[in-house]
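See below for the structure under consideration.
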Amino acid sequence: MSRVAIVTGGTRGIGAATSVALRDAGYKVAAVYGSNDERAQAFKAETGIAIYKWDVADFAACAAGCAQIEKDLGPIEVVVNNAGITRDATLHRMSFEDWKAVVDTNLGSCFNMSRATFPGMRERKFGRIVNVGSINGQAGQYGQVNYAAAKSGIHGFTKALAQEGAPHGVTVNAIAPGYIDTDMVAAVPERVLEKIIERIPVGRLGKASEIARAILFLVADDAGFLTGSTLSVNGGQHMY
Ligand code: NDP
């Protein structure tokens with residue numbers, strides 16, 4: 001049986017690597033993106049993976065998008081809440097809009113997507129939800145109160161929903177990536193990046209495929225005893 005998996009932000013970076021890894025493992029994958037049509041179309045052409053466009057910060061759009069995917073592919077059994085953005089600034093310069101956009105996109109999306117898919121998983125007695133947090137949600141980061149708060153919230157959300165899903169065969173886990181070589185990190189100034197890499201014991205940025213591998217592990221059918229956990233994949237940068 002081929003399970004249906006949604007990956008939000010599934011057309012670029014960590015999400016794209018996850019979509020491909022899931023497809024290669026036999027899942028029917030729907031990759032959701034927000035605005036970059038060019039990259040999404042190129043991804044579809046290259047991989048043959050179905051793409052869907054909506055804003056994951058929009059509750060009604062998530063409900064409608066998930067309903068469409070169920071019509072097209074079948075009941076949704078795996079959700080990877082990966083879509084995320086940064087809008088960095090120190091607090092005294094951060095606008096309300098940048099606070100809200102980051103919280104709504106990174107954390108609100110986990111509620112929106114879970115609300116649309118968790119009831120069906122619960123009824124069918126099987127589901128896997130993986131929420132993508134961050135090392136910066138665990139450790140905090142200068143200039144990122146919005147992002148660190150949203151990612152930290154993801155870790156609490158995960159532990160709470162895991163308790164609700166546990167009696168019904170639905171596991172909920174989080175991944176906390178360290179610094180991964182994607183477009184998001186390409187936006188970090190080079191001298192800052194050099195300093196960051198100096199603090200990574202493995203001595204390099206992570207690869208998107210290394211996060212995808214961990215996500216695949218968490219969504220496996222035989223990972224039913226693994227729930228409410230946060231798997232840190234950060235090259236040894238933050239251990240606790
Ligand atoms: P990228 O910036 O490379 O890709 C982000 C993806 O999310 C794109 O597909 C983008 O779509 C999608 N997206 C963004 N906003 C929305 C939205 N409102 N609605 C729907 N889709 C949206 O990100 P990464 O691959 O680097 O990061 C993936 C996740 O991992 C994020 O949650 C990030 O916070 C987290 N993370 C990343 C780290 C890193 O070092 N890269 C470290 C720790 C965590 P579109 O192409 O249309 O813009």
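The values are calculated or read from the model by the stated rules, or taken from the named source; none is laboratory data. Predicted model, so just to flag it, every value in this text is computed and none were measured. Positions of Cβ are backbone-derived with ideal geometry, glycine not excepted, and every protein chain shown enters the neighbour counts.
Search region 175-187 for residues that are closer than 18 Å to ASP88 by Cα and pair each with any residue that is modelled with pLDDT of 95 or more and aromatic (Phe, Trp, Tyr) when their beta-carbon atoms are under 9 Å apart and the residues are at least 6 apart or on different chains.
VAL185/TYR179
Which one is nearest to GLY133 (Cα to Cα), of the residues in region 172-202 that are among the β-branched types (Val, Ile, Thr) and surrounded by 20 or more Cβ atoms within 10 Å (Cβ to Cβ)?
ILE175
Assess whether ASN106 counts as being at pLDDT 95 or above and touching a Cys at 6+ places or on another chain (Cβ under 6 Å). Before the answer, list the steps.
Values: at pLDDT 95 or above: yes; touching a Cys at 6+ places or on another chain (Cβ under 6 Å): no.
It is false that ASN106 is at pLDDT 95 or above and touching a Cys at 6+ places or on another chain (Cβ under 6 Å).
If you check GLY133, GLY127, GLY169, GLY165, which single one turns out to be surrounded by fewer than 18 Cβ atoms within 10 Å (Cβ to Cβ) and either within 13 Å of the ligand (Cβ to nearest atom) or not polar (S, T, N, Q) (or both)? Talk me through it step by step, then tell me what you get.
Working: GLY133 fails: surrounded by fewer than 18 Cβ atoms within 10 Å (Cβ to Cβ); GLY127 fails: surrounded by fewer than 18 Cβ atoms within 10 Å (Cβ to Cβ); GLY165 fails: surrounded by fewer than 18 Cβ atoms within 10 Å (Cβ to Cβ).
Residue meeting the stated conditions: GLY169.
Which one is farthest from TYR240 (Cα to Cα), of the residues in region 172-199 that are touching a strand residue (DSSP E or B) at 6+ places or on another chain (Cβ under 9 Å) and within 11 Å of the ligand (Cβ to nearest atom)?
ASP181
With the condition being touching a strand residue (DSSP E or B) at 6+ places or on another chain (Cβ under 8 Å), in contact (Cβ under 8 Å) with a residue 12 or more places away in the chain and crowded, with 21+ Cβ neighbours inside 10 Å, I'd like the strands (runs of 3 or more DSSP E) fully within region 1-93 carrying at least 1 qualifying residues.
Strands (runs of 3 or more DSSP E) meeting the threshold: 4-8, 28-33, 76-81.
Quick one: which of ILE215, ILE211 is within 10 Å of the ligand (Cβ to nearest atom), aliphatic (A, V, I, L, M), buried (at least 20 other Cβ atoms within 10 Å of the Cβ) and under 25 Å from ARG23 (Cα atoms)?
Sole residue among the options that is within 10 Å of the ligand (Cβ to nearest atom), aliphatic (A, V, I, L, M), buried (at least 20 other Cβ atoms within 10 Å of the Cβ) and under 25 Å from ARG23 (Cα atoms): ILE211.
For region 123-150, give me each residue that is more than 15 Å from ILE85 (Cβ to Cβ), assigned to a helix (DSSP H, G or I) and touching a strand residue (DSSP E or B) at 6+ places or on another chain (Cβ under 6 Å).
If the condition is that a residue be more than 15 Å from ILE85 (Cβ to Cβ), assigned to a helix (DSSP H, G or I) and touching a strand residue (DSSP E or B) at 6+ places or on another chain (Cβ under 6 Å), then ILE135, GLN138 are the ones that fit.
Would you confirm whether or not region 138-150 contains a residue that is surrounded by fewer than 22 Cβ atoms within 10 Å (Cβ to Cβ) and in contact with an Asp or Glu (Cβ under 6 Å, 6 or more places away or on another chain)?
Looking for residues that are surrounded by fewer than 22 Cβ atoms within 10 Å (Cβ to Cβ) and in contact with an Asp or Glu (Cβ under 6 Å, 6 or more places away or on another chain), one finds at least one in region 138-150, hence yes.
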